[in-house]
Amino acid sequence: MGLLAALTKRGYTTAPFKVGPDFIDPGHHRAITGRNSYNLDGWMLSQEYNLESFSKNTQDADIAIVEGVMGLFDGYDGKSEAGSAAQMAKWLNLPVLLVVDAKAMARSAAALVQGFERFDPELCFAGVVFNNIGSPRHLAYLKEALTGNVTMPCLGGLIWDENIRLPERHLGLVTSEDHCMTTDHQDALVNLIENGIHPEQLIRQLPESTTEAATVPYIMSTSPQRVRIGVARDRAFCFYYPDNLEILKAYGAELIEFSPIDDRNLPHDLDGLYLGGGYPELAAEELFRNRFMREQILEKSRRGMPIYSECGGFMYLCREMGDTRGNCFPMVGCFPFRTLMAGKRRALGYREITLSKPSILGNAGQRLRGHEFHYSEIVDSTLIGDLETVFSVSARAGLRQTAPGYVTGRTLGSYIHLHFGSCPQVAGSFVENCFTYRHETTNKHE
């Protein structure tokens with residue numbers, strides 16, 4: 001975030017990206033740069049898709065910054081580089097800026113950096129930055145330790161500063177919707193970077209990008225607008241991959257945002273609804289009080305409108321939702337479940353789904369990939385067997401089976417965030433179902 005803020009202030013058009021399935025970091029990237037931050041992922045998405053996305057979304061940029069995920073070599077498992085920042089750096093031919101937490105470290109930092117530098121000879125490093133250092137003298141010790149032991153240059157160090165800390169909650173950092181990045185906070189980030197790293201020195205280390213786009217785009221052409229899809233967007237529902245929305249548009253959808261918290265009515269003349277994830281448990285009472293919105297969504301579901309919901313959106317469509325304080329409130333009621341917040345994380349990890357029967361996402365046999373991360377759970381276990389499911393879920397061996405996709409009519413809900421880039425045709429199927437619904441309702445009115 002500091003690098004994005006510093007480069008933006010210097011007048012560079014900076015394209016942000018995030019390795020992995022995270023939604024929160026890209027939201028903060030967007031708040032700083034004014035540009036969408038796109039997820040790059042070596043497990044959910046093909047190499048060709050990642051190359052195409054990076055190429056397309058850097059066309060008008062001076063510099064691209066790709067934030068890594070976890071440690072440099074951490075990804076899907078401990079055996080391969082799948083899903084890691086290192087894998088993505090090699091795919092995109094990008095140099096790595098290694099950030100090392102050097103708190104209470106001196107010469108040992110050289111051994112750590114040396115290990116990272118030698119672990120994968122195919123990686124190129126722009127340099128190393130030491131984080132959480134205590135003073136300029138501490139940085140001097142660290143630079144001395146590197147001399148003669150590593151090849152990559154030290155590009156600076158960041159002194160610990162409590163003032164730039166972002167607030168956190170049970171699922172990590174707060175979202176950009178809940179924590180507006182003030183000018184003072186951005187200035188503090190810029191000062192931290194300017195005083196500790198000197199961006200111009202970093203920029204001089206960077207090569208011209210040599211990443212080539214895939215020979216065949218992942219979306220062949222853009223269809224004319226045929227349907228109107230409402231997209232829930234407010235501080236309760238803010239987790240969307242930008243790709244998902246853009247792929248829907250490419251297949252002919254006009255997207256109209258609305259707020260289940262604040263808007264009394266759905267946008268007019270809709271053919272479908274998309275309710276993404278977020279933190280609805282923090283706004284459960286407000287969602288409950290907006291009875292008009294809940295009743296309208298339930299009515300649309302019962303009339304056969306295609307509705308796709310994931311994680312927080314799925315919780316909203318259930319019968320009841322528990323908040324973080326132990327209260328429980330009635331919700332939309334499309335699904336007969338009650339969801340409650342658990343005392344510990346209930347699911348985390350990549351997921352591959354296989355459609356077991358035709359649905360608004362496509363035909364039986366189609367496979368998609370996504371990610372699951374939530375603290376809430378369905379507590380009406382006796383009701384689960386009574387509801388139709390439309391896909392099976394594959395996770396790593398030994399992990400507890402996760403919730404599948406539930407369906408009632410044309411309403412589909414799941415805890416899994418799917419990335420449409422893993423199978424763009426599902427967006428086309430959703431649009432087709434919305435178009436069918438439009439045709440049905442038009443004929444009824446005639």
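Listing for the model above:
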| item | result |
| --- | --- |
| GNM flexibility winner over the chain from ASP22, ASP62, ASP386 (Cα, springs under 10 Å) | ASP386 |
| Most mobile of PRO330, PRO95, PRO224 in a GNM of the chain (Cα contacts under 10 Å) | PRO224 |
| Theoretical ellipticity at 222 nm over the chain - DSSP helices of four or more residues, -39500 (n - 2.57) apiece, nearest 500 | -9000 deg cm²/dmol |
| Residue with peak Gaussian network fluctuation, the chain [Cα springs, cutoff 10 Å], from GLU372, GLU81, GLU200 | GLU200 |
| Cross-link pairs LYS90/LYS357; LYS249/LYS300; LYS18/LYS249; LYS79/LYS143; LYS249/LYS357 - those with Cα-Cα distance over 28 Å | LYS90/LYS357; LYS79/LYS143 |
| Estimated dipole of segment 2-205 in Debye, rounded to 20 [Cβ of Lys and Arg +1, of Asp and Glu -1, Cα centre] | 460 |
| Per-residue Cβ neighbour rank within 10 angstrom, fewest leading, PHE292, PHE54 | PHE292, PHE54 |
| Relative contact order [Cα under 8 Å, 6+ residues apart], segment 321-391, whole percent | 33 |
| Per DSSP, loop trypsin sites (Lys or Arg not before Pro) in segment 258-296 with at most 10 further Cβ within 10 Å | ARG264 |
| Tensor-based shape of the chain (alpha-carbon gyration tensor, a/c under 1.5 rounded, otherwise prolate or oblate) | prolate |
| Ranked packing of 130-139, 306-315, most packed first, by mean Cβ within 10 Å | 306-315, 130-139 |
| For segment 227-445: relative contact order, % (alpha-carbon pairs under 8 angstrom, 6 or more apart) | 21 |
| Ordering of 413-420, 182-189 by burial proxy (mean other Cβ atoms within 10 Å per residue, highest first) | 413-420, 182-189 |
| Cα-centre dipole for segment 227-445 with unit charges at Cβ (Lys and Arg positive, Asp and Glu negative), debye to 20 | 380 |
| C-alpha long axis of helix 108-119 to longest principal axis of the chain, angle in ° | 60 |
| Percent RCO, i.e. relative contact order, over the chain, from Cα pairs under 8 Å lying at least 6 residues apart | 12 |
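Read-outs throughout are calculated quantities, based only on the coordinates presented, and are distinct from any laboratory measurement. All values reported here derive from a predicted model rather than from experimental measurement. Every residue, glycine among them, receives a Cβ derived from its backbone with ideal geometry; neighbour counts consider all protein chains shown.
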